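Beneath this line is the structure, given in structure tokens, with notes to follow.
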Amino acid sequence: MSEARRTWESDLPKELKIAFQLLVSANHILHYHGLVDAFGHISIRHPLNPKSYIIAAYDPGAPALVSNRNDFIEYHVEDSEPVHPPQPKGYSERYIHGELFARFPNVQCVIHSHSEAVIPFMTAKVPIRPVFHMAGFLGAEGPPTFDVTTMYPSLQSYTSDMLIKSRDLGGMLAQHFWDSSTPEDTPSTSVVLQHKHGFTCIGDSIQQAIYRAIYMQKNCALLKDAIDIAGGDAAAIQYLKDDEAQACAKMNELTQDKAFRLWLREVEVNPLYRNDEGIPKSLPVGGMNQN
Ligand SMILES: [Zn+2]
């Protein structure tokens, strides 16, 4: 497997070097926060070539175990085929990423998670809506759900394993990020739930996508607690109202850099994780003062 893995130059352009530093740590952060285990993945659009994207190879694959650029493969956005074949085995679900990058030109990062905090809500048919100010990005009505099994009848062949392992299914999932309230090339939601599977979220940066994934999960934990306290009555829960969700979503955009610096440090000092690309040291500082 390792003999075929030779895609990246040792001397990379600065933009790509920083992207790898962030991408390796991003994999670790998602694991540290329980959004991925051996499964689940994060990808970025290539910073210098918008027609390709970068995602971990199947080996070592588990996000906690990636450590440098040669653990990643570059794929064409157009068809999710390797840019530099032959390559080692890739994720069967990379079409989630490829079709989102293809459908929405401004998406720079895609995260796919099987979060155990999220799935039970779909199983129990309890809608996920925002219950605190850090989850305004979910929108007052919460994210839509994609049920892949409803797509099977339209396919010539399929296996009922819930996976998004073709361009057709990836395209159908990507379409659920849009509901005609925005221009066709602009997503209407940043999160789509996947019934009996997990969720996928998008961002215009690694920091934004990770923020959304982490606070999606935290919101579900709070919502579950609230429903428990309410004696199982989901109808008794008080969610963010529409204007609150919109204002909180704006605020969420301005403070992601603060959270991300903490998340970077958490994985930097944890011996499970290795980032041979180096930890990015001088990330831009935003914050509320930008407002
Ligand atoms: Zn999956």
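Scanning the stretch 18-39 for residues that are among the polar types (S, T, N, Q) and either buried (at least 24 other Cβ atoms within 10 Å of the Cβ) or closer than 14 Å to residue 118 by Cβ (or both) gives 25, 27.
Yes or no, residue by residue, for (1) without any contact (Cβ under 8 Å) to a residue 40 or more places away in the chain; (2) under 16 Å from the mean Cα position of the chain (by Cα):
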| site | (1), (2) |
| --- | --- |
| 12 | no, no |
| 15 | yes, no |
| 23 | no, yes |
| 42 | no, yes |
| 57 | no, no |
| 69 | no, no |
| 108 | no, yes |
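Determine, yes or no, whether residue 235 is in contact (Cβ under 8 Å) with a residue 12 or more places away in the chain, assigned to a helix (DSSP H, G or I) and not hydroxyl-bearing (Ser, Thr, Tyr). The answer is no for residue 235.
Let's see how each residue does on (1) closer than 26 Å to residue 57 by Cβ; (2) touching a residue at least 24 places away in the same chain (Cβ under 8 Å); (3) in contact with a strand residue (DSSP E or B) (Cβ under 8 Å, 6 or more places away or on another chain); (4) of a type in the set (S, T, N, Q):
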{"site": "117", "(1), (2), (3), (4)": "no, yes, no, no"}
{"site": "130", "(1), (2), (3), (4)": "no, yes, no, no"}
{"site": "145", "(1), (2), (3), (4)": "no, yes, yes, yes"}
{"site": "155", "(1), (2), (3), (4)": "no, no, no, no"}
{"site": "166", "(1), (2), (3), (4)": "yes, yes, no, yes"}
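Considering only residues in the stretch 151-197 that are farther than 21 Å from residue 78 by Cβ and among the acidic types (Asp, Glu), the one that is surrounded by the fewest Cβ atoms within 10 Å (Cβ to Cβ) turns out to be 161.
Yes/no matrix, rows are residues, columns are (1) at pLDDT 95 or above; (2) under 20 Å from the mean Cα position of the chain (by Cα):
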residue: 216; (1), (2): yes, yes
residue: 231; (1), (2): yes, no
residue: 250; (1), (2): no, yes
residue: 256; (1), (2): no, yes
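Taking the stretch 168-203 as the range and being free of Cβ contacts under 8 Å to residues at least 60 places away in the same chain and assigned to a loop (DSSP other than H, G, I, E, B) as the test, the residues that pass are 176, 179, 180, 181, 182, 183, 184, 188, 189, 190.
Tally time: how many residues in the stretch 278-291 are at pLDDT below 85 and either surrounded by 14 or more Cβ atoms within 10 Å (Cβ to Cβ) or outside any helix (DSSP H, G or I) (or both)? Result for the stretch 278-291: 9.
Quick grid of which residues meet (1) surrounded by 14 or more Cβ atoms within 10 Å (Cβ to Cβ); (2) not acidic (Asp, Glu):
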| residue | (1), (2) |
| --- | --- |
| 218 | yes, yes |
| 227 | yes, yes |
| 231 | no, yes |
| 237 | yes, yes |
| 242 | no, no |
| 245 | yes, yes |
| 262 | no, yes |
| 276 | no, no |
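The set of residues in the stretch 69-87 being exposed (fewer than 15 other Cβ atoms within 10 Å of the Cβ) and either in contact with a Lys or Arg (Cβ under 9 Å, 6 or more places away or on another chain) or modelled with pLDDT under 95 (or both) consists of 78, 79, 84, 85, 86. Looking at the stretch 178-195, which of its residues are more than 16 Å from residue 35 (Cα to Cα) and within 16 Å of the ligand (Cβ to nearest atom)? 195 - this is the single residue of the stretch 178-195 that is more than 16 Å from residue 35 (Cα to Cα) and within 16 Å of the ligand (Cβ to nearest atom). Take residue 64 and tell me if it is of a type outside the set (S, T, N, Q), within 23 Å of residue 163 (Cα to Cα), crowded, with 17+ Cβ neighbours inside 10 Å and touching a residue at least 40 places away in the same chain (Cβ under 8 Å). The answer is yes for residue 64. Among the residues of the stretch 137-157, those that are part of a loop (DSSP other than H, G, I, E, B) and either away from the ligand (no atom under 16 Å from the Cβ) or within 21 Å of residue 102 (Cβ to Cβ) (or both) comprise 139, 140, 141, 142, 143, 144, 151, 155, 156, 157. Only one of the listed residues (173, 138) is closer than 21 Å to residue 224 by Cβ and in contact with a helix residue (DSSP H, G or I) (Cβ under 8 Å, 6 or more places away or on another chain). That residue is 138. Looking at 205, 115, 190, just one residue is under 20 Å from residue 51 (Cα atoms) and of a type in the set (Gly, Ala, Ser), and that residue is 205.
So which strands (runs of 3 or more DSSP E) stay within the stretch 44-131 end to end and still have 3 or more residues that are away from the ligand (no atom under 16 Å from the Cβ)? Give the steps one after another, and end with the answer.
Working: elements: 52-56, 72-76, 109-113.
Passing ranges, in order: 52-56, 72-76.
The values are calculated or read from the model by the stated rules, or taken from the named source; none is laboratory data. Being a predicted model, the structure only gives us computed values, none of them experimental. Positions of Cβ are backbone-derived with ideal geometry, glycine not excepted, and every protein chain shown enters the neighbour counts.
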